[in-house]
Amino acid sequence: MSYTQTADASHPYDALTPDCVLDALNAAGLWPDGRLQALGSYENRVYQACLDKPVEGCDKVVAKFYRPGRWSDAQIQEEHAFAKELQQAEVPVIAPLPLQAATLHHHAGFAFSISPWRGGRTPELEDWDTLEWIGRFLARLHVTGEKKSFTSRPPLDVQTMGMQPMQWLLQHADMPPHVRQRWQPACEAALAQAAHTLQSTPYRSIRLHGDCHPGNILWSPVDADGRGGPHFVDLDDARMGPAVQDLWMLLSGDRMQRSQQLSTLVEGYEQMRAFDRRELALIEPLRTLRLIHYSAWLAQRWSDPAFPRAFPWFGTETYWLEQTATLQEQLQAMQDEPLYI
């Protein structure tokens, strides 16, 4: 496999040593005790750090080092401002701490932020009460999200999430010719259908979480005072787009199961905000864009040593043939009736 960069090339994160992380925390005015734990993240590098001197009542913090070259400072600061707005609206989200009058810091060429550490587990989405709660939770996020617009962060649209990734893969992905001859027309057809549906379906574009899969929602046990429940983490992919984007990634199973799950989510959602049912037609087009974007995302990150280790199956002939079949299935799914609720 060969892309623009090779897997054995040096990567900017090679310079992010434990000493560099500790020095960055010191530069932000913190007193780490030397204990660091890498947390699960591929796009960025994220560490839990223990402090000798607590900050705002936290003796553990999470340091997030943004992937160099992905977001501008202005785009990161929009993410931080959105998180602050959500906190002020009492939407349970983990927002960066303001340290030295800033939430975005720089050290040794890295942009980073510091957030309070908060534990939790993946929510049990097979539980209807949990799904309904998360629906209310998402509606509260969207009530805040619709009050303003992002001006620096890119939108969730066909160009940025579909056309650009497809063109990048056609230029850089090392597909065997016989595989490319099958993948390319399947991708082009699926993308054309996704574009048609997105362009012909009315929807309002609002600020979203953007990557609302179960791993980005943590659940804390509810105590005697009623505190606990879900809280959001990782607004790194926050964008402008249709509200249904933050619902469909929580669905799984066959069509009937997904319809039941969606009905429960919307039941909770509509206790806080109206849901436009026309957006149900966007679920499969949005899934199609995510599939194409995901393949390009993996390929573009291949020089990061974490990716070949974590995704050894990526880029093989089998992978591209499976993607071809999936895109063909998506073409049919986008022409079927949308999920009902």
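The values are calculated or read from the model by the stated rules, or taken from the named source; none is laboratory data. This structure is a prediction, so every number in the text was calculated from the model and none was measured. Every residue, glycine among them, receives a Cβ derived from its backbone with ideal geometry; neighbour counts consider all protein chains shown. Surface areas here come from the heavy atoms of the whole protein model, side chains and all, with no ligands, DNA or RNA. Shrake-Rupley method; radii C 1.70, N 1.55, O 1.52, S 1.80 Å.
So how strong a dipole does the chain carry about its Cα centre when Lys and Arg Cβ are +1 and Asp and Glu Cβ are -1, to the nearest 20 debye?
Values: 30 positive and 42 negative charges, 106 e Å.
That gives a dipole near 500 debye.
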Leaving out ligands, DNA and RNA, what percent of the accessible area of the chain is carbon and sulfur, probe 1.4 Å? 49 percent
Options S41, L99, G57, ranked by Cα towards positive dipole end of segment 30-107, top entry (Cβ charges): S41
Most fluctuating residue given options L170, L208, L286, as computed from a GNM of the chain linking Cα atoms under 10 Å: L170
Gain on full stretching of the segment that runs from K147 to D237 - 0.36 nm per residue minus C-alpha separation: 30.5 nm
So with the 1.4 Å probe, I'd like the accessible area per residue for the chain, rounded to whole Å². 46 Å²
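Treating only the Cβ atoms of Lys and Arg (+1) and Asp and Glu (-1) as charged, compute the dipole magnitude of segment 1-141 about its Cα centre; round to the nearest 20 debye.
On the way: 12 positive and 19 negative charges, 41 e Å.
Dipole magnitude for segment 1-141 comes out near 200 debye.
Of the GluC sites (Glu not before Pro) in segment 82-156, which ones lie in a loop per DSSP and count no more than 16 other C-beta atoms within 10 Å? Intermediate values should be presented prior to the final figure.
Values: sites: E85, E90, E124, E126, E132, E146; in loops: E90, E124, E126, E146.
Of the GluC sites (Glu not before Pro), the ones in loops of segment 82-156 whose Cβ has at most 16 other Cβ atoms within 10 Å are E90, E124, E126, E146.
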Q75 to A310: FRET efficiency via 1/(1 + (r/R0)^6), r the Cβ-Cβ distance, R0 35 Å, to the nearest 0.05? 0.85
Nonlocal Lys pairs with alpha-carbon distance under 29 Å, the chain (8 or more apart, or different chains): 8
Expressed in nanometres to one decimal, the distance between label points 7 Å along Cα→Cβ at D336 and E267 is 2.3 nm
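Assuming 0.36 nm per residue, please report the length gained on full extension of the stretch K84 to R258 beyond their Cα-Cα distance. Kindly include the intermediate steps, with their values, before the conclusion.
Working: separation 174, 0.36 × 174 = 62.64 nm, distance 3.25 nm.
Gain on extension, K84 to R258, equals 59.4 nm.
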Modelled label-to-label distance, Q181 and H213, 7 Å Cα→beta-carbon offset: nm? 3.3 nm
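Please work out the FRET efficiency for the pair N26 and A102, using the Cβ-Cβ distance as r and a Förster radius of 22 Å; give the result to the nearest 0.05. Numbers along the way, then the final one.
Details: r = 15 Å, r/R0 = 0.70.
My answer for the efficiency is 0.90.
Given N residues in segment 66-193, what is Rg(Cα) / (2.2 N^0.38 Å)?
1.43
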Low-density loop trypsin sites (Lys or Arg not before Pro), segment 203-301, at most 15 other Cβ within 10 Å, DSSP non-H/G/I/E/B, are R204, R227
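On average, how much area does the Cα convex hull of segment 141-252 cover when viewed from any direction, in nm²? It would help to have the intermediate numbers written out before the result.
Working: hull surface 39.9 nm².
One quarter of the hull surface, i.e. the mean projection, equals 10.0 nm².
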